[in-house]
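Asker: One structure follows; several queries about it will come next.
The numbers here are math on the coordinates, done by the rules we state, and not lab data. It should be emphasised that the depicted structure is a prediction, and the values quoted were computed from it without experimental measurement. We place every Cβ from the backbone using ideal geometry, glycine too, and count neighbours over all the protein chains shown.
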Amino acid sequence: MSLYAPVIGLIIIAALFAVGSVVVSTVVGPKRYNRARLDSYECGVEPTPQPVGGGRFPIKYYLTAMTFIIFDIEIIFLYPWAVRFDQLGVFGFLAMVTFIVLISVPFVYEWRRGGLDWD
């Protein structure tokens, strides 16, 4: 049980910090209320009127999100492979080549759609 004492101590300190931060912010923080802050989404800024149907996002938003996902997944798989490259042998090499080919298809698609043009 003595091995877990530092972990339990850190949990107690974190809990005290979280509760203390909430208490101090309610006591010390400003007490300015307006109609926008009392709404269900209370960021403090008056909401702007939305078009009927919620409006449309530009396609570049989704292309940027796809780029992030592609590179994120690629890094997640490439890093452990690079660390253990010597032990994986030919099978690991062929598996990674297949993965890179498969991940290149959406990358090329996005490149041709103009997702990497930042103008």
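Asker: In which sequence would Ser21, Ser2 go, from the one with the fewest C-beta neighbours within 10 Å to the one with the most?
Answerer: Working: Ser21 10, Ser2 5.
With the fewest neighbours first, Ser21, Ser2 line up as Ser2, Ser21.
Asker: Within 10 Å of each residue's Cβ, count the other Cβ atoms and sort Lys31, Lys60 from fewest upward.
Answerer: Ascending number of Cβ neighbours within 10 Å: Lys31, Lys60.
Asker: What list do you get for Ser25, Ser104 if you sort them by fewest beta carbons within 10 Å? Don't skip to the end; give the middle numbers.
Answerer: Values: Ser25 10, Ser104 13.
Fewest-to-most Cβ neighbours within 10 Å comes out as Ser25, Ser104.
Asker: When the chain is fully extended, how far beyond the present Cα-Cα distance does Lys31 get from Phe68, taking 0.36 nm per residue of separation?
Answerer: 9.3 nm
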